[in-house]
Amino acid sequence: MTIHLKIWRQKDRNTPGKLVDYTMDDVNPDMSFLEMLDWLNERLMNEGKEPIEFDHDCREGICGSCNLVLNGMAHGPHEATAVCQLHMRKYKDGDTIVVEPWRAKAFPMIKDLVVDRSAFDRIMTAGGYISINTGAPADANALPINKYDADLAFDYAACIGCGACVAACPNSSASLFTGAKISQLAHLPQGNPERKRRVVNMVDKMAEEGFGDCSNFAECEAVCPAEISITAIAEMRREYFNALSEIE
Amino acid sequence: MSKAATFLKSQVGRKIATGVTGIGLVLFIIVHLLGNLAYFAGPEAINTYSYTLHQMGPILWVVRLGLLAFFVYHVWLGISIWLEKRRARPEGYSVYASRGGASRQNWSSRSMVVTGILLLIFVFTHLYTFAFHDFATAIHDGVEMHDVHQRLTEVFQNPVYTIYYVVIMVLLGMHLRHGVWSAFQSLGWMSRKSNPIIYSIAFVLAVIIALGFIGLPISIYFGLV
Ligand code: HEM
Ligand code: SF4
Ligand code: FES
C-alpha cells in the first residue's frame with residue numbers, strides 16, 4: 001500500500017520546525033507504524049539524509065516511550081493502543097498521515113518527534129513512591145487487601161507514563177497521569193503513611209512544571225493506551241481535599 | 001487563612017472552586033426560573049413574588065452579595081483556566097482531532113469560555129433592563145408594588161430583545177450541558193459507573209433549564225399568556 005506522510009522535522013528547540021512530505025510505496029500492511037518509520041529512515045540514510053528521530057523502546061505497548069500524534073490524535077486513531085502497537089493494516093491505501101510530537105510547554109522539544117518528558121519523572125520524585133522500609137518480600141497473603149481496592153489499584157497501576165494524556169488534552173493538563181499514580185497508592189495499605197503529603201506534593205509539582213489546569217474534557221481517557229479512567233482525577237481531587245491538614 | 005489561599009491556588013483547589021461556584025450559580029438560576037413561572041399565574045402572582053423578595057431586606061442583600069462574589073470568582077476562574085491553557089501549549093498542533101469514545105470534547109465543553117463571556121455580557125444587559133429599571137406601580141390588595149408583569153410584557157413585545165434572550169438561553173443550556181457534569185467531576189463525585197448517568201442527567205437538566213427560560217419570552221411575544 002502507498003502511504004503519504006507529513007512528518008514534523010525540527011533540528012532543535014531553537015530552530016523552528018515544519019512538516020515535511022514523504023511518500024512510502026509498498027508499505028506492508030503487517031508493518032507496525034514504527035516499522036514503517038524504520039524503513040523510511042533506512043531509505044533516508046541510504047540517500048545520505050538525516051533520519052527522523054522518534055522515541056521507542058519495547059514496541060509492545062508497555063514501556064511508554066513511543067509518542068506520536070497521528071492526524072491530531074495521540075497514539076493514532078485506535079483506542080487502548082500505543083502507537084508502537086498500531087499496524088498499517090488499520091489504514092487504507094493512499095491515506096495521508098500527519099505525524100507530530102507531543103506538544104506542551106512542559107514537554108520541551110529535543111529533536112523532530114522527540115520531546116523531553118522528564119517533567120513526569122519530577123512529578124514522580126515529588127511523591128509517587130513509598131519510602132517506608134517494607135523489609136523482605138512479605139508472604140503474599142500476609143497483608144489482606146480487598147478485591148475492590150486491589151482491582152482499582154491495579155487498573156491505575158497500568159499507566160505506562162507515556163504522556164498521551166497531556167498531548168491530547170486541549171489544556172495540556174497532566175491530571176490523568178498524576179491522578180493515576182496518586183489513586184493507585186491511595187488504594188493500597190503501603191501507600192497510607194505518606195498519603196496526604198504525596199497528593200499535596202505531586203499536585204503542586206504538576207502545576208510547577210507548567211502543565212495546564214484540567215477542564216474535564218476527558219480526552220485523556222479516550223487516548224490513554226492503558227485505558228485509565230478519569231475517575232483517577234476525581235479520586236485525586238478527593239485525596240487533595242482530605243489532605244487539607246497537610247497544606248501549608 | 002494562608003492554608004485556604006494555598007488550597008485555592010492549587011490546580012485541584014481551582015477546579016473545586018469552579019465546581020462549587022458553578023453549582024451555586026445553577027441553584028440560583030433554578031430558583032430564578034421557578035420565580036419566572038409566576039408570570040403565568042397572572043400579574044398579581046409575579047408582582048407579589050417580586051415584592052416579597054424585596055421585603056426580605058438584609059437577607060436579600062446577603063444573598064445578592066454572595067451571588068455576586070460567586071459570580072465574579074467563577075468568571076475569574078473560568079478566564080484564568082483558559083489563559084493558563086494557552087500558556088501551557090505555546091506551539092499548537094497542525095492537525096488536532098478528538099478520539100471520541102470516552103472523550104467529553106464537544107461543542108459544549110470546547111466553548112465554555114465563549115458561552116461564559118456571552119452570559120456575563122447578558123447579565124449586565126439583563127440587570128439594566130429589569131433590575132435598574134424605573135418600574136410603574138401596581139396595587140394588589142391595597143399594597144403598592146413594582147409592576148414587574150407590565151415590564152416583562154413590554155420588553156418581550158420587542159422582537160430584537162426576545163430573540164437576543166432566547167439565543168442567550170440556548171447558550172446557557174450549552175454552558176450547563178458540560179458544566180453540570182463537569183462540576184461533579186471537579187468535586188470528585190464521580191465513579192466509572194456514575195459517569196454516564198451524571199452526563200445524561202446534566203443534558204436533561206440543561207435542556208429543562210434552557211427551555212424553561214425560553215418559555216416565558218416566547219409565550220409573551222406570541223401572545224400565548
Ligand atoms: C449563569 C451563570 C453561570 C452558570 C450557572 C455557570 C455554571 C457553570 C458550571 C456548573 C461549570 C462547571 C464547573 C466545573 O467544571 O467545575 C462552569 C464552568 C465554567 N464556567 Fe460557568 N457558569 C455561569 C457563568 C459563567 C460566566 C459568566 C463565565 C465567564 C467567563 C463562565 C465561565 C466558565 C468556564 C470557562 C467554565 C469551565 C471551567 C473549566 O475549564 O474547567 N461561566 N460554569
Ligand atoms: S495516564 Fe494513560 S495516557 Fe497518561 S501517561 Fe499514563 S498511560 Fe499514558
Ligand atoms: S515503544 Fe514501549 S510502549 Fe510503545
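Loop-resident chymotrypsin sites (Phe, Trp or Tyr not before Pro) (DSSP state other than H, G, I, E or B) in region A:110-160 with no more than 16 further Cβ atoms inside 10 Å of their Cβ: A:Tyr129.
DSSP finds beta bridges in chain A, and of those with both partners inside it, around 80 percent are antiparallel. For the Cα trace of chain A, dividing Rg by the Kirkwood Rh returns an Rg/Rh value of 1.03.
Note on region B:146-196 and region A:179-198: Cα centroid distance 39 Å, given to the nearest whole angstrom.
Given a Förster radius of 45 Å and the C-beta distance between B:Trp107 and A:Thr134 as r, what FRET efficiency does 1/(1 + (r/R0)^6) yield to the nearest 0.05?
Values: r = 50 Å, r/R0 = 1.11.
Using R0 = 45 Å, I get an efficiency of 0.35.
What fraction, in whole percent, of alpha-carbon pairs in region A:3-100 exceed 21 Å separation? Write out the running numbers ahead of the final one.
On the way: 1422 of 4753 pairs.
I get 30 percent for the Cα pairs in region A:3-100 exceeding 21 Å.
Three semi-axes describe the equivalent ellipsoid of region A:42-144; taken as square roots of 5 times the Cα gyration tensor eigenvalues and ordered largest first, they are 36, 19, 14 Å. From the largest down, region B:1-123 spans 60, 40, 26 angstrom on the principal axes of its Cα atoms. Listed values for region A:65-72 are Karplus-derived 3J(HN,Hα) couplings in whole Hz (6.51 cos²θ - 1.76 cosθ + 1.60, θ = phi - 60°), namely 7, 5, 7, 10, 9, 10, 6, x, and x replaces Gly and Pro. Shown here for region B:163-225: trypsin sites (Lys or Arg not before Pro) in loop regions (DSSP other than H, G, I, E, B) with at most 11 other Cβ atoms within 10 Å, namely B:Lys193. Calculate the length of the line joining the C-alpha centroid of region B:27-41 to that of region A:92-154, in whole Å. Measuring centre to centre over Cα atoms gives 49 Å.
Report, in cubic angstrom per residue, the convex hull volume of the C-alpha atoms of the protein assembly as shown.
Convex hull of Cα atoms, per residue: 194 Å³.
For chain B, the mean projected area of the C-alpha convex hull, equal to one quarter of the hull surface, is 15.9 nm².
Here the extension length gained between A:Asp38 and A:Ala157 equals 39.8 nm, from 0.36 nm per residue of separation less the Cα-Cα distance. Proximity of backbone amide H atoms, modeled 1.01 Å from N, is registered between A:Ile97 and A:His4, A:Leu5, A:Lys6 at under 5 Å, excluding neighbours fewer than 5 places apart on the same chain. Within the same chain, aspartates and glutamates fewer than 8 places from B:Lys9 are excluded, and of the rest, those with a Cα less than 14 Å from its Cα are A:Asp204, A:Glu208, A:Asp213, A:Glu248, B:Glu84. Rounded, prolate or oblate: which one fits region A:146-248, using the alpha carbon gyration tensor with axes a ≥ b ≥ c (rounded when a/c is under 1.5, else prolate when a/b beats b/c, else oblate)? Cα axes put region A:146-248 in the oblate bin. Restricting attention to chain A, lysine pairs at least eight places apart or on different chains and with alpha-carbon atoms under 14 angstrom apart total 6.
For a Förster distance of 22 Å, can you work out the FRET efficiency between the beta-carbons of B:Ala131 and B:Thr52, rounded to the nearest 0.05? Walk me through the numbers on the way to the answer.
Details: r = 16 Å, r/R0 = 0.74.
The computed FRET efficiency comes out at 0.85.
Among the cysteines of the protein assembly as shown, those with no neighbouring cysteine Cβ under 4.7 Å are A:Cys159, A:Cys162, A:Cys169, A:Cys214, A:Cys224.
Computed from the coordinates by the stated procedures, all read-outs in this text should not be read as laboratory data. Bear in mind the structure is a predicted one, so any value in this text is a computation, not a measurement. Quick reminder, even Gly has a Cβ in these numbers, built from the backbone with ideal geometry, and neighbours come from all protein chains shown.
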